[in-house]
Each structure stands twice: as C-alpha cells, then as structure tokens.
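Structure record follows, encoded as structure tokens.
The values are calculated or read from the model by the stated rules, or taken from the named source; none is laboratory data. Values in this document were obtained by computation on a predicted structure and should not be read as measured data. Note: ideal-geometry Cβ built from the backbone for every residue, glycine included; neighbour counts use all protein chains shown.
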Amino acid sequence: MNRRDIIAGAGALAVAAAVPARAATAAFGSKRPPVSARRFTSKAVEAEIRTVKARIADPELAWMFENCYPNTLDTTVKLSTIDGKPDAFVITGDIDALWLRDSSAQMQTYVHLAPRDADLRRVFHGLIQRQARCILIDSYANAFMEDPTAKSTLGAVSDKTEMKPGVAERKWEIDSLCYPMRLAHSYWTATRDPAPFDALWAQGMARAVATFREQQRKEGPGPYHFQRVDPSPTETLMLGGYGAPTRKVGLIHSMFRPSDDATVLPFLIPSNLFAVSALRMLAQVQQEARGDTAAARDCLALAAEVEAALVAHGRMPDGQGGTVWAYEADGFGNALFMDDANVPSLCGLALLGAADRADPLFRRTAALAWSPRNPFFFEGSAAQGIGGPHVGLDMIWPMSIMVHARNSDDDAVVRQCLRWLKTTHAGTGFMHESFHKDDPAKFTRPWFAWANGLFGELILDTLRRKPALLAERL
C-alpha cells in the first residue's frame, strides 16, 4: 500500500464519519487529546492559545484555533535522544512517517515562541538534527521511517529506484531539501542558538547543496531515477525513470511536486524559486552560526546561478501583454501554467520568502492562479480554492484558502477565506487535506497536521494585520 492508497483510505473513512457535519460543533468541546495523551506540551504554546482565543469573538473560529494550532505538538512529535543529543521524529499525521517538507512546515508554526521555551527549543534541535541524518541516508528521498534500519511501510520497497533502509518513499522533490534549510534559518534568526548546527548538520547541508547541483544535470542525467508500477501516471516517471527531456540551462530538475505527484516538465518553477531563497537562508546560517565562509559562498553562488536561469527560462506570457511565473518548464521554451495547492506553489511563494508580496510579477502570477485560467482552481457552493491532481478534480485544499488569505490586504477577501474555512471543516474542528467544492462532508485526511498548523498561522497573521476581523462573529 503506497501513500496514495493510505490517503485514499483515510479520506473514505472521513467521508463516512463526517455525515453529522456541523451538528457536532454545537458544544465546541475541545478536540485535543487529554493532557496525559499529548505527545509534547509547550508552556509558551499553551499561553499563546489562551491569549489568542481571548481575541477571537467567533466561538467556532476560536474553537478551531484551539484544536488546530497545537495539533503537531499534541499528536505528531516523538522526542528522544541520540548520542546524548535531542532527537525529534515528527510524523505528518495519519501516515506514520516523517516528510522533510511536512515536518519543517509543521514546526515552523511555533518558531517565534522558541526563544521563550527551552523545552520547545529541544524539539527544534532534535528535528533539525534528525533531518540532517535523514538527508545523509538519502538526499533524494522525501519521507523517512523512524527506525533508520527499517524497510518502508508505505509499499515503496517495490519501487524501481535505490531504496535504502530508513527511507519511507524516494520521490525526488526540490522542496524536500529547501524546507530544512528554511527551518534552520528561522530557528537561528529567532534564537541565535548554535546548538543544532554541528558537524553532522553541516555534512547534511553540504549533501543537500551537492544534490541540487547534481540535479542541474549539466554532465549527464545524474544518479536519480524512479519508476513505480501504479495505475496513476502521476506516480511514475517516463524514459527509464529520468523524466521528460530538458535543455540544461542551470535550473534544478524536480521529478516530483510537493504533492508527491510527478512533474510534467522537470523544471518546477516555484520549487526553483524556493531553492534560491532557501540557499540564501542557508548561507546566512553557515556564516553566522558556524563561521563557514566557504559553505556560505557556495550556497550564494548556486542561488545566483539558479536565479539567473529563472529570469531567462521561468516566465511565460499571461495572455494580457504581461508575464507570469510558469508552473513548470523544460528549457526548450515550453511551459505549463497551473497551480497546485501544495506549497511551494505559485500562490505560496510569498509565504515562503521566495517572493515579495508586493512584487508585481508575483501579484500577477498569484491572481492568474486564483482564476479559471488554472485548471485546478475550483468554484463551488461551499467555497472557492485550488486543488491538484493528487486527490482529483473538484477537491479544494484548505491550504490554498489559507495562502490566499495571507496574500491579501483586502479585509473582504480575508473575511471570506475565514468564513470558508469555518464552514468546510465538516464538524471536525480540524483542517483537512481537501474537501469537495459542493459538499465539505466529503473530505480527505482527517488528521493532517501541516494544514492544521497553517490554519493556526493564519489566525496569528490575521491578529497581527487585521485584528478587527477577529473581533467579528463570522
């Protein structure tokens, strides 16, 4: 059983369980695990929950925040030690494996609180170290087992690629390496704590940068290939597992998207943009936390090269006399415009620091992605939003609604996004992977910690930028 099968199973169960829908929210009783069953508790997070809830006038929205915001700590963190150092294995939710992307995004939610909570800093220390060890196992893998000697339980052991012990799935995705760089930078800039950034971490980051260079494929196809026997074409790669042809222009090949679906054209533009910003973030940590000028210069040089290639090959006409970022390209002049809800997406570039929110190119791109020009933009009676091929047509990802709200300075847009999120959780009090545009009771993944954390971040962002909205009863 692969990840798609696991998610489909979880989604089917969620549909059956969600029939009572909003009736279940009547009492707004906490959906958090009992205190004794929580995996990790942060005093700083608990204090923030109390403070923020007191500022939210809408009782259902306040209840959702209390359920969602601590979900990663409540349910997904396994904290221990390895060689006397903290170790944190952070699962994605209803799949018992660590995704480099998801685990980073899940903990990003709390990084601003790390300076005031030593126990929380241990979790960050442990995850940053665990991610470095995972990258050293296999820098091309996207997901890992807790036991580094274990075989995958996701059915990936039969994939036609080099499956190593400890690897849960081996889909090469640029963002899998970008996210740990971003997390390291966020933690360093918030705390100035050098403890996680030891020789092991430096070795993992050096391997990550080397992998980016390998996947520029300037001197041949490189070491990575992947094929899977699966009825869905998004689960495998053409041409012997190396993917569609490209002209080698300095962009980094990404054979899979953040959704874990195969790319159509191998230059995934939002992920290349993320790589540019992540490499610059990594350079700062290398220089300031370790004093490693050579490593910092190497990161900056690669970032500059990829950025120049993006300017030359990453844009396409918007049909109105201007240009937008493409979603995928091949270096031959061919490009694909669409957007997928999974971040890095075109709409999510500003959220990651990969674009300036005010940049006209980003604004045009995000506006076009949030429109019928994007084949995965869906409008229904329940909401509007972006989905993707991963769970099929007409399925909106709440993640896309959260990103849309974060991009907007318009009170009406942010208010509408909050209302959509409030009315599409199907009585569960949590965010899901996706829901049907006309029927929120049909949803996938009842336990998806990344989306829950992003909802918490949206509430905090709204409180900072537009506190008057949270004083309304939506």
Restricted to the stretch 181-203 and to residues being among the aliphatic types (A, V, I, L, M) and more than 12 Å from Phe124 (Cα to Cα), the residue surrounded by the fewest Cβ atoms within 10 Å (Cβ to Cβ) is Ala199
Leu458 vs (1) touching an Asp or Glu at 6+ places or on another chain (Cβ under 7 Å); (2) within 20 Å of Lys31 (Cα to Cα): all pass except (1)
Of (1) hydroxyl-bearing (Ser, Thr, Tyr); (2) touching a strand residue (DSSP E or B) at 6+ places or on another chain (Cβ under 6 Å); (3) under 18 Å from Glu60 (Cα atoms), Thr428 satisfies every one except (2)
Exception for Lys248 within (1) under 19 Å from Arg228 (Cβ atoms); (2) surrounded by fewer than 24 Cβ atoms within 10 Å (Cβ to Cβ) falls at (1)
Requiring at least 1 residues that are in contact with a Ser or Thr (Cβ under 8 Å, 6 or more places away or on another chain) and surrounded by fewer than 18 Cβ atoms within 10 Å (Cβ to Cβ), the strands (runs of 3 or more DSSP E) wholly within the stretch 302-405 are 315-317
Per the filter on the stretch 89-109, residues assigned to a strand (DSSP E or B) and within 16 Å of Ala156 (Cβ to Cβ) are Leu98, Trp99
Per the list (1) hydrophobic (A, V, I, L, M, F, W, C); (2) surrounded by 19 or more Cβ atoms within 10 Å (Cβ to Cβ); (3) at pLDDT below 95, residue check on Phe28 breaks on (2)
Quiz item: Yes or no: Ala278 in contact (Cβ under 8 Å) with a residue 24 or more places away in the chain, of a type in the set (A, V, I, L, M, F, W, C) and in contact with a Leu (Cβ under 7 Å, 6 or more places away or on another chain)?
Solution: no
Practice problem: With the condition kept exactly as written, say whether any residue in the stretch 165-172 is in the same structural domain as Gln284 (by TED's automatic domain parsing) and surrounded by fewer than 21 Cβ atoms within 10 Å (Cβ to Cβ). | Solution: yes
Residues of the stretch 286-324 being under 14 Å from Ser271 (Cα atoms) and in contact with a Lys or Arg (Cβ under 6 Å, 6 or more places away or on another chain), in sequence order, are Ala303
By residue number, the members of the stretch 435-474 that are among the aliphatic types (A, V, I, L, M) and either outside any loop (DSSP other than H, G, I, E, B) or without any contact (Cβ under 8 Å) to a residue 12 or more places away in the chain (or both) are Ala441, Ala449, Ala451, Leu454, Leu458, Ile459, Leu460, Leu463, Ala468, Leu469, Leu470
